[in-house]
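What follows is a short report on a single structure.
The values are calculated or read from the model by the stated rules, or taken from the named source; none is laboratory data. Since this is a predicted model, take the numbers as computed values, not measurements. Here the Cβ positions follow ideal geometry from the backbone for every residue, glycine too, while neighbour counts run over all protein chains shown. Surface areas here come from the heavy atoms of the whole protein model, side chains and all, with no ligands, DNA or RNA. Shrake-Rupley method; radii C 1.70, N 1.55, O 1.52, S 1.80 Å.
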Amino acid sequence: MNVFQDKDTFLSHFKDRLRKKYLVTPKTASPRHAYQVLAELVSDYTSEAWYENLQAEQEHPEKEVHYFSMEFLMGRLITNNLYNLGVRDVVLEAFSEIGLDLDAVEHQEVDAGLGNGGLGRLAACFMDSIASLSYKGHGNGIRYRYGFFEQTLKNGYQVEKPDDWLKDRYHWEVRKEEESLDIPFGGSVEEQDGEIVYKPDELIRAVPYDVPIIGEGNGVVNRLRLWNAEPTDLYPRDIHAFDYNEEIRNISAFLYPDDTTDEGKILRIKQQYFFSAAGVRSLMHKHYENYGTLENFADKKVFQINDTHPALVIPEMMRLMVDEYRMEWDKAWEITQKTCAYTNHTILAEALEKWPIHLIQPTLPRVYSIIEEINRRYVRHLRNHFAHDENKIQELAIIHSGEVRMAHLAIVGSFSVNGVAELHTNILIHHEMRDFYELYPKKFNSKTNGITHRRFLKHINPGLRNLLKEHAPAWLEDPDRLKDFECVQDDADIQRRVMEIKRENKVALSKRIEREQGIRLDPDSVFDVQVKRMHEYKRQLMNALHIMMVYNRLKTDEEFKKGYVPHSFIFGAKAAGAYHYAKKIIKLINTIAKKVNNDADTNEHLKVVFVENYNVTYAEQIIPACDISEQISTASKEASGTGNMKFMMNGALTLGTLDGANVEIAERAGRENCEIFGIDADEVTRLNREGGYNPREIYDNDEEIRTVVDQLTNGFFEDVPKNEFEEIRNKLLNEDGFYVLKDLRGYSDAHKNANERFKDKKGWARMAIANIANSGFFSSDRTIEDYVRDIWKLPRFSLEKK
């Protein structure tokens, strides 16, 4: 029975379950009670469609993609599921009748702690788009017990606490214990009667938890499979059983454990192999059961390797086919290369993983020997291609200098290698991976990232959604039709409404920030936002130094003060627990905030807030309220970015460098509807190659910049020791590897332009409309269609035709 068929049917079931389960009525129920019951009803309703999907897949199996990723930053699913099932209006009407606030009920769901930044959010957007476009595609990851961490701020410093997001029942997951697998680690590899025999000394049970991914309005339900690590009876006997249980559970306890020690590196290797091997083994076993062969495996499955973390998918496929299914090496390698596709997300050296042989070999002895053989055959191919250029061969080898290079393994073992923005892909093929491109030119391609417009416009910005419904009614089904909105960009009434919607969103965000952190922001000020993972290349430090410049001007220049539109700078970011320098930048931002927010002489013109525990749900409130989107990474360092797309789609002005997808945003919105500054990727590449940049020259020749750099350590900040930020000052003057000082003057000038432009409200509204109207290209629906056309080759799935 469809409990959501109408308001009265839903209310009857809702009230009945409230009474039976919690002994309360709608009047006495807490928001948590209401959420628990609503989630149960939605989950039950979803199960019927999910079962139909599973039956159809089993009876008529077609090609499907499996997306392997260390992160799936899903956010709250209750709202997404209500919308995609088409039942939210029924629930909203019912709750209005009985006096329940649906928004408040939805906010009872915690963010699933399965990711940290853009990598995980991209994976979540892809899952939504794959299902909503009626393709069969499933995620494969880890069910982290504590996720990344919950961030608190104490005296301006980041403090990490375990994010115990599973302390209450997570309604969307289904434990599939009958599909558990034992994953081997350690032990030895021996040859017996001419065959390789692997004898592990440790088995770790991988228990799958499936989360339904619901397509919008099409009956499609896909699966996000998350693997939980649990102990077995086979483990090294030199470890006490209690300690061993704790050690095993750590595999699925935290996202990105500290890898500055060998123990941390081993844990990461185990994590990556654990979920990669579990996913591969499960899928190959089911395929063999269905077909009695693996020779057609690549015709039915694509494994998309999201960054290098799941690269062990490749040797694990080989291990299973060669060792367990007794397949010849060449045939197994052909199937592997036809199945696996690799997405590169970075050119940062520290993110292109390299695992020391002395750690990976004893941890995964059989997998390592497989990698050795892959490398041996690959190096033979290199010698044919590069003749006697031993340096080139060593540069490109998978194993070299005592390390296994995971990006090289992913490239060699895949049929497709894609970058995630045009600029990023060009850097890969012309610079960072030029020799690989020479070897495999047909493998490389570009797939500009995207975001799900359903969540990041339809769900989070109802005012704008309703306005678009009037003037671009087809945009929900076809995001490219947002372009229709451009026809009214000169309409004064539409401009006014756009600005009113923005202000309403700013008021709502201001209230939350004041309630939670005690900082009052003026909703008529410019809301200038930088929310993203804390990292040096993203240059939150440059933003902070510029705020100090603005503060100094407000204190010393009355003309500047009179002409300055009040500005509210909003930061949100988490720094990895072991990333000391990034955490020091958080402390600096909070120290600046304390000084400027408490200065009565300037705080009507300038406010700074670092929001605590930034996550997907917080982003959903910040994004619609943003006027200026800070996308200021060092050119060539940001592969794509997706936050830039979300802000653009909600009408913010991009103030940024020509980095990642900013290039394409500026092309589509028009440079006149952005503020672009800074050295470009070619200049960064040249400086990195040739040298010649001396940050002290800028310090010596620009008095304003010299002032703020000196203020880091001259007692300007009264509440911290003088040497609190000495490390930052020294790094700026002696290294400045991300060109903060080199771009700071241009960044300041871009801010002056943006502040001046904000005075022209009609012009600003016109710019906002231009950004919204040209953002449809950045829907992840378009990205997925590109993957399907060029890489995955999937058919559309329909329950009707089954």
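In the stretch 251-263, the residue that is farthest from LEU119 (Cα to Cα) out of those that are among the polar types (S, T, N, Q) and either open to solvent by 70 Å² or more (accessible area, probe 1.4 Å) or assigned to a helix (DSSP H, G or I) (or both) is THR260.
Considered as a group, the residues in the stretch 167-180 that are in a loop (DSSP other than H, G, I, E, B), touching a strand residue (DSSP E or B) at 6+ places or on another chain (Cβ under 7 Å) and under 28 Å from GLN108 (Cα atoms) include one that is least open to solvent (accessible area, probe 1.4 Å), and that residue is TRP172. When ASN391, ASN384 are checked against the criterion of being more than 30 Å from ILE196 (Cα to Cα) and open to solvent by 10 Å² or more (accessible area, probe 1.4 Å), a single residue qualifies: ASN391. One residue stands out among those in the stretch 623-647 that are closer than 19 Å to ASP528 by Cβ and among the small types (Gly, Ala, Ser): the one that is surrounded by the most Cβ atoms within 10 Å (Cβ to Cβ), which is SER629. Against the definition (at pLDDT 95 or above and not hydrophobic (A, V, I, L, M, F, W, C)), how does ASP243 come out, yes or no? Judged against the criteria, ASP243 is not a match. Among the residues examined, THR336 does not qualify as hydroxyl-bearing (Ser, Thr, Tyr) and in contact with a strand residue (DSSP E or B) (Cβ under 8 Å, 6 or more places away or on another chain).
With the requirement that a residue be β-branched (Val, Ile, Thr) and within 17 Å of GLU316 (Cβ to Cβ), what does the stretch 370-398 give you? Within the stretch 370-398, ILE370, ILE371, ILE374, ILE398 meet the criteria. GLY450 meets the conditions (1) in contact (Cβ under 8 Å) with a residue 60 or more places away in the chain; (2) of a type in the set (Gly, Ala, Ser); (3) open to solvent by 30 Å² or more (accessible area, probe 1.4 Å) in every case but one. The failed one is (3).
Yes/no matrix, rows are residues, columns are (1) among the aromatic types (Phe, Trp, Tyr); (2) surrounded by fewer than 16 Cβ atoms within 10 Å (Cβ to Cβ); (3) in a helix (DSSP H, G or I); (4) without any contact (Cβ under 8 Å) to a residue 24 or more places away in the chain:
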| site | (1), (2), (3), (4) |
| --- | --- |
| VAL565 | no, yes, no, no |
| PHE571 | yes, no, no, no |
| ALA575 | no, no, no, no |
| LYS595 | no, no, yes, no |
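Exactly one residue among LEU741, LEU794, LEU733 is surrounded by 22 or more Cβ atoms within 10 Å (Cβ to Cβ) and farther than 30 Å from ARG465 by Cα, and that residue is LEU741. Would you confirm whether any residue within the stretch 689-698 is more than 30 Å from SER640 (Cβ to Cβ), open to solvent by less than 10 Å² (accessible area, probe 1.4 Å) and at pLDDT 95 or above? Scanning the stretch 689-698, I find no residue that is more than 30 Å from SER640 (Cβ to Cβ), open to solvent by less than 10 Å² (accessible area, probe 1.4 Å) and at pLDDT 95 or above, so the answer is no. Of the helices (runs of 4 or more DSSP H) lying entirely inside the stretch 633-697, those containing at least 1 residues that are without any contact (Cβ under 8 Å) to a residue 12 or more places away in the chain are 662-669, 681-690. Scanning the stretch 654-667 for residues that are open to solvent by 10 Å² or more (accessible area, probe 1.4 Å) and within 23 Å of the chain's Cα centre (by Cα) yields LEU658, VAL663. Residues in the stretch 746-764 that are free of Cβ contacts under 8 Å to residues at least 12 places away in the same chain and either outside any helix (DSSP H, G or I) or within 14 Å of SER525 (Cβ to Cβ) (or both): ASP760 only. Looking at the structure I just gave you, is MET321 surrounded by 15 or more Cβ atoms within 10 Å (Cβ to Cβ) and part of a loop (DSSP other than H, G, I, E, B)? Against the criterion (surrounded by 15 or more Cβ atoms within 10 Å (Cβ to Cβ) and part of a loop (DSSP other than H, G, I, E, B)), MET321 does not qualify.
Restricting attention to the stretch 698-725 and to residues that are touching a Phe, Trp or Tyr at 6+ places or on another chain (Cβ under 8 Å) and not in a helix (DSSP H, G or I), the residue that is nearest to PHE738 (Cα to Cα) turns out to be LEU712.
Among the residues of the stretch 89-109, those that are farther than 13 Å from PRO31 by Cα and either among the hydrophobic types (A, V, I, L, M, F, W, C) or surrounded by 20 or more Cβ atoms within 10 Å (Cβ to Cβ) (or both) comprise VAL90, VAL91, LEU92, ALA94. Could you say whether any residue in the stretch 294-310 is assigned to a helix (DSSP H, G or I) and open to solvent by 30 Å² or more (accessible area, probe 1.4 Å)? Yes, some residue in the stretch 294-310 is assigned to a helix (DSSP H, G or I) and open to solvent by 30 Å² or more (accessible area, probe 1.4 Å). Step by step: first the residues of the stretch 62-80, then only those that are open to solvent by less than 20 Å² (accessible area, probe 1.4 Å) and part of a loop (DSSP other than H, G, I, E, B), then the one that is nearest to SER43 (Cα to Cα). Which residue is that? Checked the stretch 62-80; the qualifying residue nearest to SER43 (Cα to Cα) is LEU77. Within the stretch 751-773, restricting attention to residues that are open to solvent by 30 Å² or more (accessible area, probe 1.4 Å) and in contact with a strand residue (DSSP E or B) (Cβ under 9 Å, 6 or more places away or on another chain), the residue that is nearest to MET499 (Cα to Cα) is ARG757.
Within the stretch 359-373, residues that are touching a residue at least 40 places away in the same chain (Cβ under 8 Å) reach partners that are among the basic types (Lys, Arg) and assigned to a helix (DSSP H, G or I) with beta carbons closer than 7 Å, at six or more positions or on different chains, in the pairs LEU359/LYS265; THR363/LYS270; ARG366/ARG319; VAL367/ARG319; ILE370/ARG319. When you scan the stretch 36-43, do you find a residue that is farther than 30 Å from ASN290 by Cβ, open to solvent by 10 Å² or more (accessible area, probe 1.4 Å) and either at pLDDT 95 or above or basic (Lys, Arg) (or both), even just one? Among the residues of the stretch 36-43, at least one is farther than 30 Å from ASN290 by Cβ, open to solvent by 10 Å² or more (accessible area, probe 1.4 Å) and either at pLDDT 95 or above or basic (Lys, Arg) (or both), which makes the answer yes. Scanning the stretch 139-164 for residues that are open to solvent by less than 70 Å² (accessible area, probe 1.4 Å), part of a loop (DSSP other than H, G, I, E, B), out of contact with any strand residue (DSSP E or B) (no Cβ under 6 Å at 6 or more places or on another chain) and not small (Gly, Ala, Ser) gives TYR144, PHE148, ASP164. Exactly one residue out of ILE183, ILE266, ILE213, ILE248 is within 29 Å of ALA407 (Cβ to Cβ) and open to solvent by 40 Å² or more (accessible area, probe 1.4 Å), and it is ILE266.
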